[in-house]
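The values are calculated or read from the model by the stated rules, or taken from the named source; none is laboratory data. Quick caveat: nothing in here was measured; it's all calculated off a predicted structure. Here the Cβ is made from the backbone with ideal geometry for all residues, glycine too, and neighbour counts use every protein chain on show. Accessible surface areas use protein heavy atoms only, side chains included; no ligands, DNA or RNA. Shrake-Rupley method; radii C 1.70, N 1.55, O 1.52, S 1.80 Å.
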Amino acid sequence: MKLRVSVIGTGYLGATHAACMSSMGFEVIGVDIDPNKIELLSQGKVPFYEPGLEELLQQEIASGRLTFSTDFQAIKDCDVHFICVGTPQSTNSLAADMKYVDAALESIAPICKPGSLVVGKSTVPVGTAARLRSKLLEINSEVDLAWNPEFLREGFAVEDTLHPNRLVVGVTSDAAETKLKEIYQKNLAENTPWVRADLPTSELVKVAANSFLATKISFINAMAEVCEAAGGDVTVLAKAIGYDPRIGSRFLQAGIGFGGGCLPKDIRAFMARAGELGADQALEFLREIDSINLRARQRVIELVRKDLSDNLTGKKVTVLGAAFKPDSDDVRDSPALDIAVQIAAAGALVTIHDPKAIEPAKKRFPALGFEESVESALKGAELVLHLTEWKQYRELDPVKVKSLVSSPIIIDGRNALDREAWVAAGWKFRALGRAN
Ligand code: UGA
């Protein structure tokens, strides 16, 4: 008989994982303490924007394999329990806040059936899995715990979950690995690389991967600073170094840097944990990665000041993009929104457009101006800031846009627009890491 699966925590990771597990043929129950989330998901509605997820969710609910509940008792017959709750940054330190992970484990431990396996997917400080495993065994000695980090990207969550580029399992027994192989049999049939690790290594793989990605982005943004100082062009530099297969061209897009609910908090939590372990020196460089990243936002603000004669008061600035990256409505630690807020605080009249993230952005910053249509947002602008590289913005006609604004100055904070086309249409075009 097919394994029965529970997913604890139905946020970004959990909702996607639950729908994907169901589409792999398992009977899945998603559990969350938030009744609104469960109500929406049960109706086939995804509470955030993720391409393809809502369709998959509806299809799986209709198949009868996927259900949701706020009642933890609903998981008691499941064979595998995935913990997918959030680990946000703590309010008073750089460390991750583990209260949701701990609460999830405590809720399920007494009701897991004998022989079942608890599998952590949340991003956690190294050492958490071993700690949770001891706690679990204290409460219920007939279950085991494994760790199976998730590498999905927002915007590609379904694709990344159904066809991951690797599967990493941290286990302490062959039985746990066998059960996970049963769960991921479809991926194994597709020859997805399978890495068996111990518990701490599996936790470290996740934060190491995110730290590497953050480092790559900050590296190219550091090169952008040097290019600006030396009169070079970082987009050409990135292209040229990217041809070296040892370097690779991905994640070398210079601009306003990384944001979102993962990279920034993960590198900080990693530093905090390394400090606790006495290995703080090893990750000292991540502090620099973080400051290069935050500096990119200030460099855009400096360009704005330069173009508006150092006086932002009453100047109409249009911001294209609020999400931390395209194809997402996630505004957590969004560089675009951070810049918009700082410019507004300096006196500018800011109007923000985003194809999907207006509502979440408005919820966070109700005092800022928002427009649903890109044309209305651009009307009368004295300066345009392109801060999230949605396809819609790349397809804008610079000639048409020029007829809407009052002054044709644009700063491309993502190095994603066609500079030649904008300059040919008569725009003053600025970008990070290129001659301005
Ligand atoms: C990231 C990782 O890429 C996933 O593998 C990981 O599973 C996930 O975090 C997580 O820990 O859950 P995500 O936060 O969805 O995924 O976003 P990314 O695609 O990594 O982009 C992060 C940020 O870097 C965005 O703000 C993006 O605009 C920025 N970025 C990306 C750049 O500034 N330049 C680039 O070249 C690439």
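List of remarks:
- Within the stretch 87-100, the residues that satisfy the criterion of being within 21 Å of the chain's Cα centre (by Cα) and open to solvent by 40 Å² or more (accessible area, probe 1.4 Å) are P88, Q89, T91, S93, L94, K99, Y100.
- Within the option set V304, V300, being open to solvent by less than 20 Å² (accessible area, probe 1.4 Å), assigned to a helix (DSSP H, G or I) and within 16 Å of the ligand (Cβ to nearest atom) holds for one residue only, V300.
- Considering the conditions (1) more than 23 Å from V331 (Cβ to Cβ); (2) surrounded by fewer than 23 Cβ atoms within 10 Å (Cβ to Cβ); (3) at pLDDT 95 or above, V31 is excluded by exactly one of them, (2).
- Checked against the criterion of being within 16 Å of the ligand (Cβ to nearest atom) and of a type in the set (V, I, T), the candidates I220, I183 yield just one match: I220.
- Unique residue being more than 19 Å from the chain's Cα centre (by Cα), among the aliphatic types (A, V, I, L, M) and within 30 Å of P110 (Cα to Cα) when the list is A146, A222, A229: A146
- Counting only residues that are without any contact (Cβ under 8 Å) to a residue 12 or more places away in the chain and within 14 Å of the ligand (Cβ to nearest atom), the stretch 190-207 holds 0 of them.
- Any hit, the stretch 152-171, residues being more than 21 Å from S22 (Cα to Cα), away from the ligand (no atom under 14 Å from the Cβ), touching a strand residue (DSSP E or B) at 6+ places or on another chain (Cβ under 6 Å) and assigned by the TED database to the domain that holds M24: yes
- The stretch 372-436 holds helices (runs of 4 or more DSSP H) entirely within its bounds, and those carrying 1 or more residues that are surrounded by fewer than 18 Cβ atoms within 10 Å (Cβ to Cβ) and under 32 Å from the mean Cα position of the chain (by Cα) map to 374-378, 391-394, 419-424.
- For the stretch 1-66, the helices (runs of 4 or more DSSP H) that sit wholly inside it and include 1 or more residues that are in contact (Cβ under 8 Å) with a residue 12 or more places away in the chain and acidic (D, E) are 53-63.
- Of all residues making up the stretch 186-202, the number that are farther than 14 Å from K121 by Cβ and surrounded by 13 or more Cβ atoms within 10 Å (Cβ to Cβ): 10
- Tally, over the stretch 307-354, of residues that are away from the ligand (no atom under 12 Å from the Cβ), open to solvent by less than 10 Å² (accessible area, probe 1.4 Å) and over 13 Å from L385 (Cα atoms): 1
- From the options T87, T91, residue that is at pLDDT below 95 and away from the ligand (no atom under 16 Å from the Cβ): T91
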